[in-house]
């Protein structure tokens, strides 16, 4: 009996190096809660919908149809794959941007719960990221019918798609966790983040691929890890990786891991102080 | 092992920031009058509290409004980290403050029990086992499969109370006596709280009900302005002191 005794030493600020491990152990100890929080997001978001989760598939399908009409039929663009490229860009980017802004406001949005019960607050941003990631996985299935329709072969490059999705979500959660505590004190933070995300939408080539960038600027364009991740997703589906180099891929993945670790350090070390401002 | 210290606070201090409106904040930046204003000023909610609570003890907290009772409970529950001093808590803690943490109006009663229960730290297995008992105690029958928004406020409160009363932590923190529902349910819930308190759990409860305190507490602490004013196992003495303090205000 006595050996099972748990001693909770409440230590507000773990050391910088220990913070990511603290986050990892807190999350793994509360897997059941995390699962319930993610399923709460699904139930709340799709409540009262007859088609439920199918909407995450139907919406991109309808959007692709619209792009097809606009770009291929009306504008006569010869690239019939353009709607697919745009679609992949939009799906991955919007999952990313919703993760960033959701994680940024995760402490504020759950303020009443935070003041009522204690559980590791890392659960909030992680649940948001989990929910967005699962939704992204469901909606990205849209590429399958398109690939069959366009007769695109399945290549070994397909592995880049999950890699790019996971990397960009890790980066999104990291960025969001950096600002979550600041958002508690200064609510203007989210407005700024949303503006930056909108700028990133246009600068990361969501609506155009890297092939539209003049070759002399391509390297500069691909310094942006978001652009690299979107190109990775497109390259995976189209089976053509000629636009991105291995170095760019590795660099971007390393950057997203760096963001995540930095975000977890900032979050774990600052949330205890921040909740007093709620 | 009755008699071991399970909650130990040593010189615990907690400051709350005095938040200014954003307009004042901007004005200060532009007029550079920040120095003379209240920047960096804090409100001390808990002021050097040292307190040991032993296993199985039932400790009452009493005090005028704003004395720091709820804040103290929240510190023990881990919601706020003390700014100074040290705190150690041995065992699983549950804070009952407000009912139905995390309830969602568009989810069914059952889904809410699983969600809220896991927020309180219960596992899925435990909740599945307790489900029939929770539903029965709440007395809401078939409504358990309906979304929460269809519930009357009384039903909602009963479901929430029923869930919280099925939590059996080693340390139970109760903020004000939860009285919900119609009068018969109120009696039922009061006796349930007594049951929980009289079990082997360590209990810290905030209450202003002198009768309740006399009946169940081993020791009562009277807080005033974030400090311990009186602490004694002579409960009447503490209650007298509390009445004195409230009359002074």
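The values are calculated or read from the model by the stated rules, or taken from the named source; none is laboratory data. These figures come from a predicted structure and were not determined experimentally. All Cβ positions, glycine included, derive from the backbone under ideal geometry; neighbour counts span all protein chains shown.
For residue A:111, which of the numbered conditions (1) more than 30 Å from residue B:94 (Cβ to Cβ); (2) touching a residue at least 24 places away in the same chain (Cβ under 8 Å); (3) surrounded by fewer than 19 Cβ atoms within 10 Å (Cβ to Cβ) fails to hold? For residue A:111, the exception is condition (1). Scanning segment A:114-152 for residues that are free of Cβ contacts under 8 Å to residues at least 40 places away in the same chain and buried (at least 17 other Cβ atoms within 10 Å of the Cβ), we see that the one that is farthest from residue A:268 (Cα to Cα) is A:133.
Going by the structure shown, is residue A:117 in contact with a strand residue (DSSP E or B) (Cβ under 7 Å, 6 or more places away or on another chain) and within 14 Å of chain B (Cβ to nearest Cβ)?
Working: in contact with a strand residue (DSSP E or B) (Cβ under 7 Å, 6 or more places away or on another chain): yes; within 14 Å of chain B (Cβ to nearest Cβ): yes.
So residue A:117 fits the description; yes.
For segment B:197-227, the set of residues classified as out of contact with any strand residue (DSSP E or B) (no Cβ under 6 Å at 6 or more places or on another chain) and under 22 Å from residue B:90 (Cβ atoms) consists of B:198, B:199, B:200, listed by residue number.
Let's see how each residue does on (1) surrounded by fewer than 22 Cβ atoms within 10 Å (Cβ to Cβ); (2) free of Cβ contacts under 8 Å to residues at least 12 places away in the same chain:
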position	(1), (2)
A:192	yes, yes
A:201	yes, no
A:207	yes, no
A:226	no, no
A:230	no, no
A:250	yes, yes
A:264	no, no
A:267	no, no
A:272	yes, no
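Considering only residues in segment A:29-53 that are away from chain B (no Cβ under 12 Å) and more than 20 Å from the chain's Cα centre (by Cα), the one that is surrounded by the fewest Cβ atoms within 10 Å (Cβ to Cβ) turns out to be A:50. Apart from one condition, residue A:159 fits all of (1) surrounded by 13 or more Cβ atoms within 10 Å (Cβ to Cβ); (2) in contact (Cβ under 8 Å) with a residue 24 or more places away in the chain; the exception is (1). Just so you know, in segment A:209-224 the residues that are assigned to a loop (DSSP other than H, G, I, E, B) and without any contact (Cβ under 8 Å) to a residue 60 or more places away in the chain include one that is surrounded by the most Cβ atoms within 10 Å (Cβ to Cβ), and it is A:222.
When we screen A:185, A:269 for residues that are under 17 Å from residue A:103 (Cα atoms) and in contact with a strand residue (DSSP E or B) (Cβ under 9 Å, 6 or more places away or on another chain), the only hit is A:185. For segment A:114-137, the set of residues classified as part of a helix (DSSP H, G or I) and modelled with pLDDT under 90 consists of A:115, A:116, listed by residue number.
Sub-6 Å Cβ pairs linking a first residue in segment B:91-105 that is without any contact (Cβ under 8 Å) to a residue 24 or more places away in the chain to a second residue that is in a loop (DSSP other than H, G, I, E, B), at least 6 apart or interchain, are B:101/A:117, ordered by first then second residue. At least 1 residues being touching a strand residue (DSSP E or B) at 6+ places or on another chain (Cβ under 7 Å) and within 14 Å of chain A (Cβ to nearest Cβ) is the threshold, and among the helices (runs of 4 or more DSSP H) wholly inside segment B:47-163 those reaching it are B:69-77.
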